[in-house]
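These notes are about the structure you will find just below.
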Amino acid sequence: MTTPQTDEPSTEQVLRGHAEDVYADELAALEASDDKPRPPSWRLSPWAVTTYLLGGRLDDGTEISAKYLGPRRLMEIAVASLATDRALLLLGVPGTAKTWVSEHLAAAVSGRSTLVVQGTAGTAEESLRYGWNYARLLAEGPSRDALVPSPVMRAMETGSLVRVEELTRIPADVQDALISILSEKTLPVPELDTEVQAQHGFNLVATANNRDKGVNDLSSALRRRFNTVVLPLPDTLEQEVDIVRTRVAALGRSLQLPAELEALSEITRVVHVFRELRSGATLDGRTTVKSPSATLSTAEAISVMTNGAALAAHFGDGVIRADDVAASITGAVVKDPVQDRIVWQEYLETVVKDRPEWTDLYRACRDLL
């Protein structure tokens, strides 16, 4: 008889590993070489956390890969905020790596990134405070064993970072459950006539985007509990291309896509198109174009290229070409089938068609309209 396997899946087996698992070697190397002061319960010093995020070379020759490509000062401000008693709010348009940064911050500071509350319109107050195991509650009455702690409560008890994703998607009355937690660093449990006091190292990283529809603005009382860091879109075409290339290559390895992912030609064109449509003008400033309703963020460029890699790998020769990205780029731009379609057609006819080196992309996109 075959004995069933009970071992935990390895990092190579899971579709997307946690940051603390995927980059365990880098974190261990940083921890071993880190001789700078560390706040209580922090795994690394603020300097080492920033190095982990932005990349660098350690004295022993270990290379630390860059997790965030952007202004160093922004990451220094974010890390410094977490070393105080103020929570951190990462704000920006969709696709500016807010969730990515929050995950790596938690992994570097606390050694775990899995204490997460995912904000939605249906997020209940129990997700931020605590709930109950109703079977035990009915059988035994209120007790600590019947209480189900939220990720926030567990972070308070263990002195860890907790992440709240899409804070502005959470209903306003539920958001305000965080006010007393962030100001008093205490979570009352009146049913048990007790409270949970935050241990050293506890703090909260929240993310929110400022272009989402149907968001719930933060109350002034809650906003005051946060230090806000706005993550911008990449400054230059080259920087955005580098971000897309790095992430597509990582995703390709994770998804085991046997495609040529290092060629920059298609990545550069996709990013070029997105930047022009976002800004409402060509990069040389000579032609004004209409912007579609879609955000066309860096994250969407990564998605377009990943889909193109899948098409090239499974239905082509492994080299990503215009035909492989045309469908995905059209789908990313045309969210409104009427208005966005007109915007995309005008852009193709007035901009893409006039670029001889983009003839293949023009024809591939036109064939889909």
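What follows draws every value from the coordinates through simple rules; no lab data is involved. All of these numbers come straight from a predicted model, not from anything done at the bench. Glycine gets a Cβ as well: all are built from the backbone with ideal geometry, and neighbour counts include every protein chain shown.
Relative to the Cα centre, what is the charge dipole magnitude of segment 237-366, using +1 at the beta carbon of each Lys and Arg, -1 at the beta carbon of each Asp and Glu, and rounding to the nearest 20 debye?
Numbers: 15 positive and 19 negative charges, 53 e Å.
Here segment 237-366 has a charge dipole of around 260 debye.
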Given a Förster radius of 45 Å and the C-beta distance between Arg286 and Leu255 as r, what FRET efficiency does 1/(1 + (r/R0)^6) yield to the nearest 0.05?
0.70
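Could you sort 332-341, 141-150 so that the peptide with the highest average Cβ count within 10 Å comes first and the rest follow in order? Write down the numbers at each step before the final one.
Working: 332-341: 16.1, 141-150: 14.5.
The most tightly packed comes first, giving 332-341, 141-150.
How high is the relative contact order of segment 100-174, in percent, counting Cα pairs under 8 Å that sit 6 or more residues apart?
Worked out over segment 100-174, it gives 44 percent.
Nearest 20 debye, what's the magnitude of the dipole of the chain about its Cα centre given +1 on Lys and Arg Cβ and -1 on Asp and Glu Cβ?
Working: 38 positive and 52 negative charges, 192 e Å.
That gives the chain a dipole magnitude of about 920 debye.
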In the neighborhood of Asp34, defined by Cβ-to-Cβ distances under 13 Å, what is the net charge if each Lys or Arg adds +1 and each Asp or Glu adds -1?
-2
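Could you work out the relative contact order of the chain, using alpha carbon pairs under 8 angstrom and six or more residues apart, expressed as a whole percent?
14 percent
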So, over other residues within a Cβ distance under 14 Å of Gly201, counting Lys, Arg +1 and Asp, Glu -1, the net charge is +3
How large is log10 of I(q)/I(0) for the chain at q = 0.09, 0.14 Å⁻¹ when the intensity is taken from the Debye formula with one equal scatterer per alpha-carbon?
-0.62, -1.23
At what distance in angstrom do the alpha carbon centres of segment 295-329 and segment 124-160 lie from each other?
44 Å
Under the √(5λ) rule applied to the eigenvalues of the Cα gyration tensor, what semi-axes describe the equivalent ellipsoid of segment 269-369? Give them in Å, descending.
21, 15, 13
Ser33 and Ser180 label points (each 7 Å along its Cα→Cβ direction) are spaced in nm at 4.7 nm
Segment 75-230: translational diffusion in µm²/s, Stokes-Einstein, Kirkwood Rh over Cα pairs, 10 °C, 1.306 mPa s
100 µm²/s
Return the sequence-ordered ³J(HN,Hα) values of segment 37-54 in whole Hz as given by the Karplus equation 6.51 cos²θ - 1.76 cosθ + 1.60 applied to θ = phi - 60°, using x for Gly and Pro.
x, 10, x, x, 6, 7, 6, 10, 6, x, 4, 5, 4, 5, 5, 4, 6, 9
Partners for Lys185 among lysines (Cα-Cα distance below 28 Å; same-chain residues under 8 apart left out):
Lys36, Lys98
Take Lys67, Lys353 and order them by how many other Cβ atoms sit within 10 Å, fewest up front.
Lys353, Lys67
Calculated on alpha-carbon atoms, Rg and Dmax of segment 208-254 in Å
16.3, 44
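Around Gln118, under 10 Å between beta carbons, what's the net of Lys plus Arg minus Asp minus Glu among the other residues?
Numbers: positive: Arg163, Arg169; negative: Glu165, Glu166.
My count for the surroundings of Gln118 gives 0.
So how do Trp132, Trp100 line up by other beta-carbon neighbours within 10 Å, fewest first? Write out the running numbers ahead of the final one.
On the way: Trp132 15, Trp100 18.
Lowest count first: Trp132, Trp100.
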Can you give me the distance in nm between label points at Asp354 and Leu369, each placed 7 Å from the Cα along the Cα-to-Cβ direction?
1.5 nm
If each residue of separation counts as 0.36 nm, what is the full-extension length gain between Ala172 and Ala135 once their alpha-carbon separation is subtracted?
10.3 nm
Would you work out which of Ala155, Val109, Ser127 lies farthest towards the positive end of the dipole of segment 95-168, given +1 charges on the beta-carbon of Lys and Arg and -1 on that of Asp and Glu, about the Cα centre?
Val109
